[in-house]
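Just below is one structure, and these are the notes that go with it.
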Amino acid sequence: MCSIFSQLKIILPNMSHALDIINFLSQSQHIPIVDVRSPAEFQKGKIPGAINIPLFSNEERAKIGTTYVKKNRDAAVLLGLEITGPKLKSFAELAMQIAVDKKLLLHCWRGGMRSSSMAWLFEQMGIKTYTLKGGYKAYRHYVLDWFNKPLRLIVLGGMTGSGKTDILHEIQKAGQQVLDLEGIAHHKGSAFGGLGQIAQPTQEQFENQLFTILQSLDYENVIWVEDESISIGKAQLPNQLFKAMQQSPVIILFRDKSIRIKRLMQEYACFSFDQLSESIIKIQKRLGNDHTKLALEALTNGDYSKVAEITLQYYDKAYKNQLTSKQNENIIHFSPKSENADEIAEEILRYIN
């Protein structure tokens, strides 16, 4: 598909300015990114903030590929020109609306003819256009390599219902660097973790979003992160990040079970019977048939406290098992005096300092 406009190279000079990935991302701080790949490619994963102006729709791209295989390259090129011709005006109009100071960044999959051809069109409209060397593929290589960088982490742990996320947000308000993995994944990391959340990103987009946050942080200073398993819903943490979390100091919050049950009731009692029962059934094998039956009966009776108490038997056991994978010398046990997230954050920071 990148070669659709290759025959035009003879008469159309390459007027775009190609940038490597580092300069491309640097320029994206003040120049919009246009992604000219198909909607399906864009949906799977994109550079955060990029705007999709697809040269071909999903169906058009498939049709051109079929023509290339069944007929020949020339037939595919002609079909591509036939498809795009009527759309050039709308492409140019969109570019003019998106451009800032008459500048755009632009990429396709490999930095080939799709981006070069659209760059030529935009340049004709007086828009200075910068393309990405190697395209989105180069961006993905850069993202995955980034995760190998060493991190200075402090992990905040504790059993389900300890309020770790709220405390981390307060630590961030106090001026510390925080990586909110659950926020990026749109999931709280349990069978109930997807309730009230928007749809999770694809794995590729989760990694892209994670990279965007990480590259904005100062790696010379500590980054706070919540203790997680390698999976947050369907999102998988990069292996190197998860390994760093396992090897970093972890502060384990110890909070009374009654406090945790109260928090869980406040957080989840608002959801429907069907949503909650479905979440309980997801952990039936690990909770056990008897406990599952008791939890569902309690839910039917509106006894959310008992539901939380029963399910915590599974989650507490699971978290204790998770701790066995950590190095004992890195575990710090912490019992806060306060019940308020902001005050607990202050206690933790005073203790660490």
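Observations on the model:
Residues are listed down the side, and each one gets a yes or a no for (1) crowded, with 17+ Cβ neighbours inside 10 Å; (2) of a type in the set (S, T, N, Q); (3) under 29 Å from residue 246 (Cβ atoms):
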| site | (1), (2), (3) |
| --- | --- |
| 292 | yes, yes, no |
| 301 | no, yes, no |
| 305 | no, yes, no |
| 325 | no, yes, yes |
| 345 | yes, no, yes |
| 352 | no, no, yes |
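- Test: residue in segment 289-304 that is part of a helix (DSSP H, G or I), out of contact with any helix residue (DSSP H, G or I) (no Cβ under 8 Å at 6 or more places or on another chain) and in contact (Cβ under 8 Å) with a residue 12 or more places away in the chain: no
- No other residue among 128, 137, 173 is over 30 Å from residue 337 (Cα atoms), surrounded by fewer than 22 Cβ atoms within 10 Å (Cβ to Cβ) and in contact (Cβ under 8 Å) with a residue 60 or more places away in the chain apart from 128.
- Which listed residue is surrounded by fewer than 19 Cβ atoms within 10 Å (Cβ to Cβ), over 19 Å from the mean Cα position of the chain (by Cα) and basic (Lys, Arg), from 262, 164, 243: 262
- Residue list for segment 184-237, restricted to those being among the aromatic types (Phe, Trp, Tyr) and more than 14 Å from residue 151 (Cβ to Cβ): 192, 206
- Of all residues in segment 321-353, those that are farther than 22 Å from residue 170 by Cβ, in contact (Cβ under 8 Å) with a residue 40 or more places away in the chain and not hydrophobic (A, V, I, L, M, F, W, C) total 5.
- A residue that is of a type in the set (A, V, I, L, M, F, W, C), in contact (Cβ under 8 Å) with a residue 60 or more places away in the chain, in contact with a Ser or Thr (Cβ under 7 Å, 6 or more places away or on another chain) and in a helix (DSSP H, G or I) occurs somewhere in segment 306-318.
- Within segment 58-77, residues that are under 18 Å from residue 114 (Cβ atoms) and basic (Lys, Arg) have Cβ atoms under 7 Å from residues that are at pLDDT 85 or above and not in a helix (DSSP H, G or I) in these pairs: 61/38, counting only partners at least 6 apart in sequence or on another chain.
- Taking the criterion of being within 27 Å of the chain's Cα centre (by Cα), surrounded by fewer than 19 Cβ atoms within 10 Å (Cβ to Cβ) and under 18 Å from residue 26 (Cβ atoms), the only residue of segment 86-117 that qualifies is 100.
The values are calculated or read from the model by the stated rules, or taken from the named source; none is laboratory data. Remember, predicted model here, so these are calculated numbers, not experimental data. We place every Cβ from the backbone using ideal geometry, glycine too, and count neighbours over all the protein chains shown.
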